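A.B. asks: Input: one structure, supplied below.
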Amino acid sequence: MEIVNPIRDKKKIDDMKAVLASTEKGNRNVLIFTLGINTAYRISDLGRLKLSDVLIISRQKVVAKDRLQMKEKKTSKTNSIIISNKLRNQIIKYVKEEFPDQLAKQEFDYYLFPSRKGNNKPLSRQGLWLIISNAAKRVGLKNIGTHSMRKTFGYFLYSKNGIPIEIIQDLLNHSSAKETLRYIGITQEDKDTAVMSLDL
């Protein structure tokens, strides 16, 4: 079984965004990655997002929702994730560029990341993964897989922000804290660093 890691370095995350921004559909590709690492949605769930999942009409103006709510394909559990103002602005910018007609008509039954094949089909799971995988190779990241964005979400909440593992377990819909620690890639080095920082 191949090891799949989170991205543990904020600079590498910034490098990923820069590489993705330089691609043909840069704004779309950065948004796919940014949503993935900030919501913990699986790649298959990112592909199923529609404009109606991210947009709302408020005071006769189209704005990005402050919370994404979706029934996960794998678990059938509903996952509700708050999103930052920065990410909401990124969503609006992308939607204004890619869906001007739909915005004007307030027609939100379109996939956020459509396939080039047309007929309102979503970008496939493989297509989404290829975007992330190619950028990871260019940045020099190894052992990056389809779960790396989700793992990065959990890793940064736990190791960089000190969020209790039980909260992350709930956000990831895991059955135990032990499963979550293993999933987000907490290493012996992480444990050693935590103990050394105590130094009572």
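Any read-out appearing in this document is the output of simple, stated calculations on the displayed coordinates, not a laboratory observation. Fair warning: this is a prediction, and the values are worked out from it, not measured in the lab. Cβ atoms come from the backbone with ideal geometry, glycine included; neighbour counts cover every protein chain shown.
A.B. asks: Using Cα positions and a limit of under 16 Å, work out the aspartates and glutamates in reach of K178, with same-chain residues fewer than 8 apart set aside.
C.D. replies: K178 reaches E166, D170, D190.
A.B. asks: Ranked by Cβ crowding within 10 angstrom, fewest neighbours first, how are I82, I168 ordered?
C.D. replies: Exposure proxy ranking, most exposed first: I82, I168.
A.B. asks: Continuing with this model, one more query. Which is the longest run of the chain containing none of the GluC sites (Glu not before Pro) found in DSSP loop states (not H, G, I, E, B) with at most 16 other C-beta atoms within 10 Å?
C.D. replies: Longest gap between qualifying sites, sites excluded: 108-200.
A.B. asks: So, one more: Binning at 10 Å from 0, report for the chain what percent of all alpha-carbon pair distances ends up in each bin.
C.D. replies: Result returned by the calculation: 8, 34, 35, 17, 5, 1, 0.
A.B. asks: With θ taken as phi - 60° and the coefficients 6.51, -1.76 and 1.60, list the Karplus ³J(HN,Hα) couplings across region 115-121 in order, rounded to whole Hz; mark glycine and proline as x.
C.D. replies: 6, 6, 6, x, 6, 6, 9
A.B. asks: Follow-up. Taking neighbour Cβ counts within 10 Å as the exposure measure, how do S76, S133 sort from fewest upward?
C.D. replies: Lowest count first: S76, S133.
A.B. asks: Considering only DSSP beta bridges with both partners in the chain, what is the antiparallel share in %, to the nearest 5?
C.D. replies: 100 percent
A.B. asks: Relative contact order, percent, of region 148-190 when contacts are C-alpha pairs under 8 Å separated by at least 6 residues?
C.D. replies: 40 percent
A.B. asks: Once amide H atoms are placed 1.01 Å from N in the peptide plane, what residues at a sequence separation of 5 or more from L55, or on another chain, have their amide H within under 5 Å of its amide H?
C.D. replies: K65
A.B. asks: Further, regarding this structure: Mind listing the long-range amide H neighbours of I83? Cut-off is under 5 Å, sequence gap 5 or more, other chains count too, H placed in the peptide plane at 1.01 Å from N.
C.D. replies: For I83, whose amide H was placed from the backbone, the distant partners under 5 Å are R67, L68.
A.B. asks: Rank P6, L20, L46 by how far each Cα sits towards the positive end of the charge dipole of region 1-69 (+1 on Lys, Arg Cβ; -1 on Asp, Glu Cβ) and give me just the farthest.
C.D. replies: After comparing all options, I get L46.
A.B. asks: Quick check: net charge around V19, other residues with Cβ under 11 Å of its Cβ, Lys/Arg +1 and Asp/Glu -1?
C.D. replies: Residues near V19 contribute +2 overall.
A.B. asks: Label region 148-190 by shape, choosing from rounded, prolate and oblate, from the square roots a ≥ b ≥ c of the eigenvalues of the Cα gyration tensor; if a/c is under 1.5 it is rounded, and otherwise prolate applies when a/b is larger than b/c, oblate when it is not.
C.D. replies: rounded
A.B. asks: Arrange V195, V4, V54 by Cβ neighbour counts within 10 Å, fewest through most, would you?
C.D. replies: V195, V4, V54
A.B. asks: Given the options M149, G162, I184, identify the residue whose Cα lies farthest towards the positive end of the charge dipole of region 148-190 (+1 on Cβ of Lys, Arg; -1 on Cβ of Asp, Glu).
C.D. replies: Result: M149, furthest along the dipole toward the positive end.
A.B. asks: Dipole of the chain, Cα-centred, from +1 at each Lys and Arg C-beta and -1 at each Asp and Glu C-beta, to the nearest 20 debye?
C.D. replies: Value, rounded to 20: 600 debye.
A.B. asks: Same structure again: Taking K and R as +1 and D and E as -1, what net charge do the other residues with C-beta under 15 Å from the C-beta of S197 add up to?
C.D. replies: -2
A.B. asks: What pairs in K71/K96; K74/K105; K65/K121; K10/K117; K17/K61; K73/K93 have C-alpha atoms more than 31 Å from each other?
C.D. replies: K74/K105; K10/K117
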